[in-house]
Amino acid sequence: MPAELRRVLLGMVNYLQSEQLANGDFPYFRTSGDSFYCPCILLSTLMHDALGYLDPHTPLYDKTYLPDLLSKDEQRFVAASVTGMRFRLRAFIAWQEESNGTWQLFGRESDLGPDTGATAAAAVSMLRTYPIDRRSSNRHVPIVESLLNAQLSLDEEANVLRFLVLTGRSVEDRVASFRTRLLSEDAPVETQTEALKRLAVAYTIARAWRQAALPGRDEVAGHLVPRILSWRQAGAKFGGQLPCALSASSLVDLGCATSSLREIGKDLISLFTESKSWRSEAFQKLEIGSAAVTVAIAISALVRINAQTGGSFC
């Protein structure tokens with residue numbers, strides 16, 4: 001890891017520690033109208049997932065090669081910091097679970113009813129507390145499985161399929177129909193808002209295919225990679241930090257060509273080294289975002305790009 005990237009990683013871990021709230025969550029804010037704090041379980045799961053790439057206790061850490069690039073003291077600092085942040089975040093997510101095993105998008109106080117995407121994503125976060133050989137008997141399996149009976153958006157279904165496959169369920173037919181549906185959907189992107197929505201969905205799909213090793217990755221990548229590159233340009237045209245982070249993570253998950261990843265790595269490094277402050281940008285259609293979420297997704301993408309390109313983007 002180049003010295004510049006090493007400094008970025010250590011600095012961002014410090015920053016994220018300083019942002020974590022006393023209840024274990026991170027601060028999320030409304031991005032339209034008057035900005036105010038708003039809890040969001042889906043964003044909490046994004047934080048937990050992105051930090052997993054820096055947590056040596058997860059399989060996600062294995063191919064980042066951080067032990068080869070940090071000193072022993074730095075490894076201990078990152079491991080202790082990230083493990084602690086994820087533990088406190090899981091405690092918050094568990095605290096927000098309803099008695100019926102579901103989660104509401106904006107937490108238990110919102111009184112909006114169960115949310116499919118938040119429930120499936122939160123259930124994945126809770127898998128950290130289950131031994132691998134007991135995941136198939138996880139109490140959330142029948143709850144999440146029942147969500148397939150509803151009409152789901154692409155991102156909701158991707159979250160559901162990721163959880164079910166990670167718990168050992170066979171959903172090959174549903175994955176095949178999902179791919180067919182994905183390949184049939186397309187639309188032009190003309191605004192930053194639309195670019196962000198598309199990139200958030202692509203990020204969720206790419207993450208599911210990478211983490212759960214779903215079948216048909218080449219087909220999915222062949223459809224999404226050129227579109228992500230296009231949406232990324234549309235988002236970058238408006239100076240968006242979150243589009244850059246989401247596209248980088250999605251492309252590395254989908255096995256994008258190294259030449260493209262080098263360019264994306266340069267863009268990410270510039271985000272971290274510029275003097276501009278990190279902003280809260282809306283994830284998907286929620287009109288809620290967090291600088292901490294953007295930083296976590298960006299740094300997790302950066303360490304993976306570094307590993308895949310051998311640091312050649314600097």
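Laboratory data are not the source of any read-out in this text; all were calculated from the coordinates shown. Values in this document were obtained by computation on a predicted structure and should not be read as measured data. A quick note on method: Cβ atoms are made from the backbone with ideal geometry, for glycine too, and the neighbour counts reach across all protein chains shown.
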Q | For the range 38-85, fraction of C-alpha pairs farther apart than 13 Å, in % | A | 58 percent
Q. Hey, in the GNM for the chain with a 10 angstrom Cα cutoff, which one of Leu89, Leu147, Leu199 fluctuates hardest?
A. Leu147
**Q.** Segment Asp186-Ala80, extension gain: residue separation times 0.36 nm, minus the distance between their alpha carbons
**A.** 33.9 nm
Q: Determine, from the Cβ-Cβ distance of Ala22 and Ser270 and an R0 of 45 Å, the FRET efficiency 1/(1 + (r/R0)^6), rounded to the nearest 0.05.
A: 0.85
Q: Mind telling me which of Thr294, Thr119, Thr258 comes out most flexible in a GNM of the chain, alpha-carbon contacts under 10 Å?
A: Thr258
Q: Once every Cα of the range 83-205 carries one equal point scatterer and solvent is ignored, give the base-10 log of I(q)/I(0) from the Debye formula at q = 0.14 Å⁻¹, two decimals.
A: -0.68
Q.
Let me make sure I get this right: for the range 1-144, a, b and c are the square roots of the gyration tensor eigenvalues over alpha carbons, sorted descending. Under 1.5 in a/c it's rounded, otherwise prolate if a/b > b/c, else oblate. Which is it?
A. oblate
Q. Hey, what number do you get for the chain at 222 nm if only DSSP H runs of n ≥ 4 count, each worth -39500 (n - 2.57), divided across all residues, to the nearest 500?
A. -19000 deg cm²/dmol
(Q) As I understand it, the dipole of the chain uses +1 on the Cβ of Lys and Arg and -1 on the Cβ of Asp and Glu, about the Cα centre. Which of Tyr37, Leu242, Gly168 lies farthest toward its positive end? (A) Gly168
Q.
Running a GNM on the chain with Cα contacts under 10 Å, which residue among Pro27, Pro67, Pro56 ends up with the highest mean-square fluctuation?
A. Pro67
Q | Residues of the range 34-65 with amide N under 19 Å of a point placed 7 Å along Cα→Cβ from Arg108 | A | 38-45
Q: Bin all alpha-carbon pair distances of the chain at 10 Å intervals from 0 and give each bin's fraction as a whole percent.
A: 6, 28, 38, 24, 4, 0
